[in-house]
């Protein structure tokens, strides 16, 4: 493992105001790196640079002396019901901006590009464990979206940049959508298993997501896909019990699969009800150790107890 840990870098980040990006910026600055945030309006602060991914415009000088680009943008997968228009928005909000940044990386000779992806690349794997050595992607909409998203980094790879694709699972944080949406229900004893509850959930805490991205930035041997997941995926039933226990409640209820589908449409079968036993083999092989390795420890950390 060749590391450049401790060497300050100048880093351009897209999606810096999002759930991951807003935490990554101070995390990287705390590690001594300089961060330039790409914003979709006129720049108003010394650390901001304007860009427009629809037109390909990037403020002159934005990539001057840059050592790495971290690409975190994209519309929320579960943000709206999956109409045909929203599915197109999900695709365009990822592939278009990623392509703009990849071409900028190539043009300016930036040596590193770290770009978002998701474990949805694998499709529904049932109980079969998969990792980065698994070469067969899924065939559903989300899997194809992830393939197209990753392929958009092609110009950076072709130019010789070290490209890392961060395939993220379900990210847990107190202010994240997952915990915020279910905590009120679980707090009053209305937590419920979803569907059969046997589907595997590839989770990770936001702290470990930040750690994985930083590890990829600072270790030159890492390239290609890395699974940003905990080494101990759990079933939905196990997650439900652990969350209820953390809140001192029981969760005897079941929300049937048909009800989940009625509420969420296509998103239900490709995400909530899909089973993905995804393991972080590449990160562990390169020496990264998760801070939160069990769902019990993760929920205790996330929920402040």
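When its C-alpha radius of gyration is set against 2.2 N^0.38 Å (N residues), the range 199-305 gives a value of 1.22.
Of all DSSP bridge pairs formed entirely within the range 1-136, close to 10 percent run antiparallel.
Hey, what does the equivalent ellipsoid look like for the range 45-104, semi-axes from the Cα gyration tensor as sqrt of 5 times each eigenvalue, largest first, whole Å? Don't skip to the answer; put the middle values down first.
On the way: eigenvalues 141, 26, 21 Å².
With the √(5λ) rule applied to the range 45-104, the semi-axes are 27, 11, 10 Å.
With a Förster radius of 30 Å applied to the beta-carbon distance between residue 136 and residue 88, the computed FRET efficiency rounds to 0.70. Sequence-distant contacts, meaning Cα pairs under 8 Å at least 6 residues apart, place the relative contact order of the range 218-305 at 50 percent. Bridges between two residues of the range 10-302, per DSSP, are antiparallel at a rate of about 10%.
In this rough spin-label picture, where each label sits 7 Å from Cα along the Cβ direction, the residue 289-residue 44 distance is 4.4 nm.
Does the range 103-156 come out rounded, prolate or oblate by the C-alpha gyration tensor, with a ≥ b ≥ c the root eigenvalues, rounded set by a/c under 1.5 and, if not, prolate when a/b is larger than b/c and oblate if not? Write down the numbers at each step before the final one.
Values: a/c = 3.66, a/b = 2.32, b/c = 1.58.
Since a/c reaches 1.5 and a/b is larger than b/c, the shape of the range 103-156 is classed as prolate.
Please compute the contact order of the chain in relative form: average sequence separation of alpha-carbon pairs under 8 Å and at least six residues apart, divided by the residue count, as a percent. Walk me through the numbers on the way to the answer.
Working: 605 pairs, mean separation 60.1, N = 305.
Normalised by residue count, the contact order of the chain is 20 percent.
The ranking of 70, 114 from fewest to most other beta carbons within 10 Å of each one's beta carbon is 114, 70. Against the main long axis of the alpha-carbon atoms of the chain, helix 21-30 sits at an angle near 60°. The distance separating the Cα centre of the range 209-242 from that of the range 99-164 comes to 15 Å. Mean residue ellipticity at 222 nm, helices only, the chain: -10500 deg cm²/dmol; runs of at least 4 DSSP H residues each add -39,500 (n - 2.57), and the sum is divided by the number of residues.
May I ask you to list the residues of the range 265-305 whose amide nitrogen lies under 16 Å from a point 7 Å from Cα along the Cα→beta-carbon direction of residue 180? Residues 303 qualify, since their backbone N sits under 16 Å from the label point. At full extension, residue 10 and residue 75 could sit 20.8 nm farther apart than now, given 0.36 nm per residue minus the alpha carbon distance.
Using the C-alpha atoms of the chain, what convex hull volume per residue, in cubic angstrom, is computed? Could you put the intermediate results ahead of the total?
Working: hull volume 39.4 nm³, N = 305.
Output value, Cα hull per residue: 129 Å³.
Note on the range 1-94: Cα-only Rg and Dmax are 15.2, 46 Å. Highest GNM mean-square fluctuation among 88, 144, 276, for the chain modelled with Cα contacts below 10 Å: 88.
Every number in this text was worked out from the coordinates using simple rules, so none of it is lab data. In this text the structure is predicted, and so the values were computed from the model without any measurement. For neighbour counting, all protein chains shown are included, and Cβ atoms are generated from backbone atoms with ideal geometry for every residue, glycine included.
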